[in-house]
Amino acid sequence: MLLLFIGSGCAALIYEIVWLQMLQLVIGSSAVSLGVLLGTFMGGMCLGSLLLPRCLSLRHHPLRVYATLELGIGVIGLALLFILPQVDEIYAASAMRGTAGLFIRGLIAAACLLPPTILMGATLPAAARFVEATPRGISWLGFFYGGNIAGAVLGCLLAGFYLLRLFDMATSTYVAAAINAVVAIVGLLVANATPLSAPAVNTNQSPATSRSVAWSIYIAIGLSGLGALGAEVVWTRILSLIIGGTVYTFSIILAVFLIGLGFGSTWGAMIARESRSSRSALGICQLMLAAAIAWAAYMLAVSLPLWPIDPSLARNPWLNFQLDLARCLWAILPAATLWGASFPLALAAAAQSAGAGDSGRLVGGIYAANTVGAIVGALVFSIVLVGWVGTQRCEQVLIVVAAVSALVTIVPCLFLGPAGGPPHGVGQAGRLPYSLAAGALLTAGIVAAGWLAYLVPATSGELIAHGRRLPTRKGLYEMLYHGEGVNSSVAVTVFDDGVRNFHVSGKIEASSEPQDMRLQRMLGHIPALMHPNPKSVLVVGCGAGVTAGSFVVHPSVERIVICEIEPLIPKIVAEYFAEENYGVVKDKKVEIVFDDARHYILTTREKFDIITSDPINPWVKGAASLYTREYFELCKRRLNEGGVITQWVPLYESSVAAVKSELATFFAVFPEGTVWSNDVEGRGYDVVLLGQIGPLTIDVDQLQERLGRSDHFPVDESLYQVGFNSGLDLLATFAGTAADLAPWLKDAEINRDRNLRLQYLAGFAAHDYQESMIFNQILRHRKYPDKLFVTSYDNEMVLRARLGLAK
């Protein structure tokens, strides 16, 4: 049974990672979309745990039922692999904005996730019917549940560090389905060898006693689930600042959380087997949780950010993964262990008071209560509380939730006795001293929890700004602003020399540094000048607003749409760069759309003359979806005839393999594309990719004349501010064509929706600085573009000299 649960948990986590990743590509990766997905996923498990005991009689062998459910999960998992790609088209045709759009997102998620997750939720109550409905019998489920979570840890690490990194979603699905098949076959073999017997019934409690205490157990385990998922949301947000938001970070955090749940479940099962009052043990466990949450809050806000660690010193990423694992274990393992222990204790407490023979119904009820709480926690904390009150207040809420859970669990014990038995007589010996002692301890525990909640430290602005590099950068900047939004945390800082920096989730995303200003202006001016008469523009990612503001000064541009996932950025951050971005967020030509960019491009019917994309670094989890071949094809469909697209590619904090993947994927959709460099004194920094439908021809003399017209004086001035004294200076940033780089890119891995290979390649190089070497490799393949530049002999000689490509 333990091995079956391990296999089941392993397959379930592989599916969860794959399905959520695939569906995020369809309905977006905003907090709202993720909340919808998690709510649907856990809602299906809740339904399954409730429906199976009510829809299937006790005469069916529980292991045969379990095996059938596993087989069904595997079949549906394989089917979804082929169905989900078709959902794109259905969703794109039906998607709307606002409340209606949210309904459509939920409908799509429910149609895809409910069938398999209902079967997943039904597996535990199905297997529960194999054990006796007594506290000792039910406690076995704690061990099985621990085994299930151990399998989940294995599945999480297997998917995050191996299957998805080296293969793709299809291979991961095949592995999960194969595990389901093995579990089903073994389950059927064990069922055939094990006769079905009538389960033992717990008759120790009276129905009156059961009714009087059941509510406290269900509420307590529901609050426990709420706290666990709420904490996972909050602590993942903070830990991604401390150790970097790569896909590997999220796998490590999830694995540590599951390890704690697994240890705790086993420990709780051992206590439940020996305890006379599992209900009292559950209450004490919840009180201890308040202290464990306070411990995690202090470690995450005060201690871990200042551990003397410089991740860039390690040339091998596995060394950083070891440190990341140690830091996660140190901070969140105690609380996760106590949440894990709560489940078997709640099961045993329910069995002590239930007096019912159907262990499947008992387990299904407890599991459903826990899952309902988890759904509420995931939705409320991710969509509402973090963006509304911040992580500090969220952690205070978590401590209060744990204290309330302890209160509703222990208070009935004061009236039912320490063993959870029937009520004592008024004058029964020992009753009053027990009640006074327990009441005093409970009061002291609640007061201590309140004191701990009051002491919870805030997440500092320095951590939001510097993240994983805080130990080496503390005190170098003055903090102008920091805030925690719904989707990400942002900050604005300033150097002593006046240079301002915009930080997103622990890294600088934009600044007024010369090289950053040049890049941001290039992303706007290059496509605007290459297009003969641009009128409409889509800007993916607001950032400091400088790229979007570059289009404001172009006289022909009539409409600018900025798609930004985090509302704080255009509303507050862009104001700190109003001079550099020409007050773009207040310009009448500008519309700001708060949505995941991929989701917006998938669902909009509008077409544009220019699409420019300046997303966050590709090593950040979720960003790779804005570098896939399918994403670029979506963009291509949203371009008007003659339209152009630009894409930012960083060379720093990257590797040769990651940069090759980004360029090769872009050129697979735009085979006539070109590369334009933003280097620092000849050393690599980042590049701009330019794509269009068909070949591009640049009339250099006409471009020079255009910049000399009076209506383009603001454009000329904007270029001059970042070091381009003429159009020739801008064109001299040319770094190659797709044809030039074809030999270099022949071994590149194409980043596809079905593998998101880039986030794994880039995640391994998040601490590397190989930009000069990568840039030199690109330049070695550059040739003078006779077909691209059409110009006079004199201008050609100037360009050749600037490019170092003399005849």
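The values are calculated or read from the model by the stated rules, or taken from the named source; none is laboratory data. Please read these numbers as outputs of a predicted model, since none were measured by experiment. When we count neighbours, we look across all protein chains shown, and the Cβ atoms used for this are built from the backbone with ideal geometry, even at glycine. Side chains are part of the model used for accessible areas, which takes the heavy atoms of the whole protein and leaves out ligands, DNA and RNA. Shrake-Rupley method; radii C 1.70, N 1.55, O 1.52, S 1.80 Å.
The residues of the range 310-355 that are crowded, with 19+ Cβ neighbours inside 10 Å, among the hydrophobic types (A, V, I, L, M, F, W, C) and over 21 Å from L254 (Cβ atoms), listed by number, are L345, A346, L347, A348, A349, A350, A351, A354.
Evaluation of F103 against the conditions (1) open to solvent by 40 Å² or more (accessible area, probe 1.4 Å); (2) touching a helix residue (DSSP H, G or I) at 6+ places or on another chain (Cβ under 9 Å) shows that the sole unmet condition is (2). Could you go through the range 489-499 and let me know if any residue there is open to solvent by 20 Å² or more (accessible area, probe 1.4 Å), part of a strand (DSSP E or B), at pLDDT 95 or above and in contact with a helix residue (DSSP H, G or I) (Cβ under 7 Å, 6 or more places away or on another chain). No, there is no match, as no residue in the range 489-499 is open to solvent by 20 Å² or more (accessible area, probe 1.4 Å), part of a strand (DSSP E or B), at pLDDT 95 or above and in contact with a helix residue (DSSP H, G or I) (Cβ under 7 Å, 6 or more places away or on another chain).
Looking only at the range 274-291, which residues are open to solvent by less than 30 Å² (accessible area, probe 1.4 Å) and part of a helix (DSSP H, G or I)? Selection gives S278, R279, S280, A281, L282, G283, C285, Q286, L289, A290. Of the residues making up the range 611-649, those that are in contact (Cβ under 8 Å) with a residue 60 or more places away in the chain, touching a strand residue (DSSP E or B) at 6+ places or on another chain (Cβ under 9 Å) and among the polar types (S, T, N, Q) are T612, S613, N617, N640, T646.
Considering each of A735, A742 in turn, give the residue that is under 28 Å from P514 (Cα atoms) and in contact with a helix residue (DSSP H, G or I) (Cβ under 9 Å, 6 or more places away or on another chain).
A735
Restricting attention to the range 548-581 and to residues that are open to solvent by 40 Å² or more (accessible area, probe 1.4 Å), in a loop (DSSP other than H, G, I, E, B) and touching a residue at least 40 places away in the same chain (Cβ under 8 Å), the residue that is farthest from P527 (Cα to Cα) turns out to be I572. A search for C-beta distances below 9 Å between a residue of the range 262-280 that is within 23 Å of G439 (Cβ to Cβ) and free of Cβ contacts under 8 Å to residues at least 60 places away in the same chain and any residue that is open to solvent by 50 Å² or more (accessible area, probe 1.4 Å) and in a helix (DSSP H, G or I), counting only pairs 6+ apart in sequence or on different chains, returns nothing.
Condition first: of a type in the set (A, V, I, L, M, F, W, C) and closer than 30 Å to D716 by Cα. Now tell me which residues in the range 726-785 satisfy that. Steps first, answer last, please.
Going through the range 726-785, the residues of a type in the set (A, V, I, L, M, F, W, C) turn out to be 728, 730-732, 734-735, 738-739, 741-742, 744-745, 748, 750, 756, 758, 761-762, 764-766, 773-775, 778-779.
Across the range 726-785, the qualifying residues are L728, L730, L731, A732, F734, A735, A738, F775, I778, L779.
Pairs under 9 Å by beta carbon, first residue charged (D, E, K, R) in the range 154-168, partner not in a helix (DSSP H, G or I), six or more apart or different chains? So the pair list comes out as D168/R752; D168/R754; D168/N755; D168/L756. In the set (1) charged (D, E, K, R); (2) at pLDDT 85 or above; (3) open to solvent by 70 Å² or more (accessible area, probe 1.4 Å), E89 fails one condition alone, (2).
Restricted to the range 729-791, the set of helices (runs of 4 or more DSSP H) holding at least 2 residues that are closer than 16 Å to G804 by Cα and of a type in the set (A, V, I, L, M, F, W, C) comprises 771-779. Answer yes or no: is there a residue in the range 46-62 that is in a helix (DSSP H, G or I) and within 21 Å of A624 (Cβ to Cβ). No, every residue in the range 46-62 fails to be in a helix (DSSP H, G or I) and within 21 Å of A624 (Cβ to Cβ). Taken over the range 292-309, residues that are open to solvent by 50 Å² or more (accessible area, probe 1.4 Å) and either hydroxyl-bearing (S, T, Y) or closer than 28 Å to V363 by Cα (or both) amount to 1. Selection of first residues in the range 492-512 that are within 18 Å of E579 (Cα to Cα) and of a type in the set (D, E, K, R) and of second residues that are in a strand (DSSP E or B) and open to solvent by 10 Å² or more (accessible area, probe 1.4 Å), restricted to Cβ pairs under 9 Å at least 6 apart or on distinct chains, gives the following pairs, ordered by first then second residue: R500/L480; R500/V494. Determine, yes or no, whether T117 is open to solvent by less than 10 Å² (accessible area, probe 1.4 Å) and either under 34 Å from the mean Cα position of the chain (by Cα) or modelled with pLDDT under 90 (or both). It is true that T117 is open to solvent by less than 10 Å² (accessible area, probe 1.4 Å) and either under 34 Å from the mean Cα position of the chain (by Cα) or modelled with pLDDT under 90 (or both). For residues that are in a loop (DSSP other than H, G, I, E, B) and touching a helix residue (DSSP H, G or I) at 6+ places or on another chain (Cβ under 6 Å), scanning just the range 433-470, find the one that is farthest from F502 (Cα to Cα). Filtering the range 433-470 for residues that are in a loop (DSSP other than H, G, I, E, B) and touching a helix residue (DSSP H, G or I) at 6+ places or on another chain (Cβ under 6 Å), the one farthest from F502 (Cα to Cα) comes out as V456.
Please determine, by comparing only the residues of the range 740-749 that are surrounded by 16 or more Cβ atoms within 10 Å (Cβ to Cβ) and touching a residue at least 60 places away in the same chain (Cβ under 8 Å), which one is farthest from S792 (Cα to Cα). Across the range 740-749, the extreme among qualifying residues is E749.
Please find, within the range 267-284, the residue that is farthest from L223 (Cα to Cα) out of those that are hydrophobic (A, V, I, L, M, F, W, C) and more than 34 Å from the chain's Cα centre (by Cα).
The qualifying residue farthest from L223 (Cα to Cα) is M270.
At least 2 residues being open to solvent by less than 40 Å² (accessible area, probe 1.4 Å) and of a type in the set (A, V, I, L, M) is the threshold, and among the helices (runs of 4 or more DSSP H) wholly inside the range 607-715 those reaching it are 656-669, 700-708.
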